[in-house]
Amino acid sequence: MEPNYTPSEDRNKLEQFVRDQLNNLAPESQPELWQRIAAEQQKQNPWLRLRHVAKTIALPAAAAVILGLGVWWTMDTQTPDQVAPGLAHEQPKPTTVATAAETVTLPSEITQAPKTKKFDIQTAINRVPGTDVRFKVSKGITFTNPASGNTVTIPGGALVRPDGTPASGEATLFVREYRGLADYLAGAVPMHYGDERGGFFFNSGGMFEVRVRQGGEELSMAPGENYTMSFKPTNDKLEDTRLYYFDEIQGKWVFRPDPAMGGGSEADGLPPVVSEQTAARNNRGRTSQCTPFVPEFKRKEVPSEMVMIAAATGQKLASGKMPLPKWFVKNPTITAERALDILERSDIRIVAHRDRDDQFFPQDMNGLFTELRAFKGCYFSASADERNNAKAAELLRNGQGWQRINIVQESDARCMIVLTDETGFIQFYADMYPAPGIQNFKPDAIFAEYRRLRTERQDNFEKRHHSLRCFNMMANMFQTEDEWCMDPEDWMVYFQNNPGIMLERYNALVQSGMSTDENIARVAWENWRRKLREMNTARLLENGGSLEAQYVLSMNLSLSSFGLYNCDQIFRLGNAPMVVAGYQTTDGKKVAPKTISMVDRDNKIMLSFNPADRLPALSGRNIDVVAIDRNGKIYIVRANNYAKLDLNNRSSFVFNMEDVTETANTPDGWSRLLEL
């Protein structure tokens, strides 16, 4: 609601300042702000009353004194907050008073920044909720977050104001935690780090933000004083994690060595770097002390049958009788449906009849769609209404290449032709005709053969994929302990690079009857399942005898600065080619991102880019591309669409993005959108 003012020629500078600030607020500004303004203005009421008296009975000199006091008060109290890019926060309303330095464990008010429709990404209101608690500065506070169990302890009398003078009275402790990808996205947290070696990505074990405020000022720890944070990582499997602090003056992350996280022992003073494969493996719950993956079977799958297929397939692959596809090496866990959706792409051309301009036939330049052989000696002609369609007419003329084709019989020789590429599809009705000299033209038999060949092609692919899936799922049974530490992708490369070792291994399995005797395969599987159970039980006992014991270890961090901290690995991406990227909405409007993030759903990794003009080409991976523009609007290329893109041989590409601003503006919204 817009406040009412009564203009006055002699209003002082304080009134003018407050009015100007209020007039600049958006109509949807938070309602708590009016309460804070009222509280601050109440401090000025005695001065305003004195001004009223001075206007009627006092000398002009008294008015000048009041004016000077008002200006002095304004300059002394209006201290701007330092704001990190994309990490700005609203001033929380104090809700709880701690009267002694005792542990606070009761849930306090959760402060959620209000929705706003337009904001600069550099000063965006953070949409991750935080907790605020009031306490007496002289006594300090120990606050335990009831949601995570993490604890902040600030000693009594250890805080100072921005001018360095000791703070006193009551202050507000503000704590916010970031526990996963949804929080990082909702908080617009930059997930990249750089030092003299170059740039890296973060793989986070959790972040926390601690601040103390008093009367609009940010308090800090006095020189020589520290507060403590007892923090439990969100993933205790991360290797070589270190502590990082967001420097709000420089607008970037800096390395903060802390002995509690293994810091301080680096010979060069720089944090260690892990590979992308290690980061992904850790996110899936695996460390260098590796145990094999436990296979997950689909309904009606029989383990012994899969062992037999795995042994036979391994021998064929090792001997070269069966090629190991590149797409499977890159993603051995991909489903048949998804693989077919990605791979079922060719170069389809609509070729005009040399004598009849109104007739054509579809030609697959790569021979992928083998079912088109059914139409040998046939031509198609777009129906009269389709010939009048400008888009269909242009299609028949320009020889454009398409990735997919599907022909559906409607009745007799009439059909629907659907052509698809990465930007969309076109469909039109057509009639099928025999080429000159073709006798006994039977449309129903031709379309039946087309359907048979199409089904045969897809069934053959599924059988081939099933063989590869069995080979991958059962590979741990026959691996060495060192090989257990490899991700499936890494092991596939290892398999390719060591044909002699692999051929000897799988030849021995086949000779033992593993690929042909179901009893041998069943006994092998039962023994392996028993060994898996024993290994996992041993690991459990090593971690205290319960699953929960693996996650109870906390890091006691001694910190001197308030702000945002990050307990992370850093890693570099593999040798992926880079693509010059452009962005537009689905209706063709240009999108100008301030930041771009790529969220790998399978590996739970988030890549953050700023500037956003170049992206790695990671085709086939389950990745969502997220853009946030300077006005705070949020756009996305969903993972199922990104996986279909062929970026490997492209130097540039324009991404079509969906506007999801209304649904993806909170952690819960992001979780639902990305199925996190």
Q. Going by the conditions given, is residue 336 open to solvent by less than 30 Å² (accessible area, probe 1.4 Å) and modelled with pLDDT under 90?
A. yes
Q | Extreme residue, nearest to residue 313 (Cα to Cα), among residues of region 508-519 that are open to solvent by less than 80 Å² (accessible area, probe 1.4 Å) and not in a helix (DSSP H, G or I) | A | 515
Q.
Can you find a residue that is surrounded by 12 or more Cβ atoms within 10 Å (Cβ to Cβ), hydrophobic (A, V, I, L, M, F, W, C) and assigned to a strand (DSSP E or B) anywhere in region 406-413?
A. yes
(Q) So, residue 355, is that one at pLDDT below 90 and open to solvent by 50 Å² or more (accessible area, probe 1.4 Å) or not? (A) yes
Q.
Please go through region 604-616 and give me each residue that is outside any strand (DSSP E or B) and buried (at least 19 other Cβ atoms within 10 Å of the Cβ), ordered by number.
A. 612
Q: Being touching a residue at least 12 places away in the same chain (Cβ under 8 Å), among the polar types (S, T, N, Q) and under 30 Å from residue 658 (Cα atoms) is the filter; apply it to region 551-601 and report the residue that is most open to solvent (accessible area, probe 1.4 Å).
A: 586
Q. Does region 444-463 contain at least one residue that is of a type in the set (Phe, Trp, Tyr) and buried (at least 17 other Cβ atoms within 10 Å of the Cβ)?
A. yes
Q.
For the list (1) more than 11 Å from residue 566 (Cβ to Cβ); (2) at pLDDT below 90; (3) buried (at least 18 other Cβ atoms within 10 Å of the Cβ), I need the number of the one condition that residue 227 fails.
A. (2)
Q: Would you mind stating whether residue 441 is buried (at least 19 other Cβ atoms within 10 Å of the Cβ), in contact with a strand residue (DSSP E or B) (Cβ under 7 Å, 6 or more places away or on another chain), aromatic (Phe, Trp, Tyr) and modelled with pLDDT under 95?
A: no
(Q) For region 479-503, give me the residue count where each residue is over 20 Å from residue 528 (Cβ atoms) and in contact with a Pro (Cβ under 6 Å, 6 or more places away or on another chain). (A) 1
Q: Report yes if some residue within region 288-310 is of a type in the set (Ser, Thr, Tyr), at pLDDT below 90, open to solvent by 20 Å² or more (accessible area, probe 1.4 Å) and under 30 Å from residue 193 (Cβ atoms); otherwise report no.
A: yes
Q | Scan of region 364-383 for residues that are more than 17 Å from residue 445 (Cβ to Cβ) and modelled with pLDDT under 90, ordered by number | A | 381, 382, 383
Q: Restrict the check to region 624-632 and report whether at least one residue is assigned to a loop (DSSP other than H, G, I, E, B), open to solvent by 10 Å² or more (accessible area, probe 1.4 Å) and of a type in the set (D, E, K, R).
A: yes
Q: Name, by its number, the condition in (1) surrounded by fewer than 17 Cβ atoms within 10 Å (Cβ to Cβ); (2) of a type outside the set (Asp, Glu); (3) modelled with pLDDT under 90 that does not hold for residue 238.
A: (1)
Q. Got a number for residues in region 645-660 being of a type outside the set (Asp, Glu) and surrounded by 16 or more Cβ atoms within 10 Å (Cβ to Cβ)?
A. 7
Q. Just to be sure, is residue 637 under 21 Å from residue 489 (Cβ atoms) and either crowded, with 17+ Cβ neighbours inside 10 Å or touching a residue at least 40 places away in the same chain (Cβ under 8 Å) (or both)?
A. no
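The values are calculated or read from the model by the stated rules, or taken from the named source; none is laboratory data. Since this is a predicted model, take the numbers as computed values, not measurements. Ideal geometry is used to build each Cβ from the backbone, glycine not excepted, and the neighbour counts take in all protein chains shown. Ligands, DNA and RNA are excluded from the accessible area calculation, which covers all protein heavy atoms including side chains. Shrake-Rupley method; radii C 1.70, N 1.55, O 1.52, S 1.80 Å.
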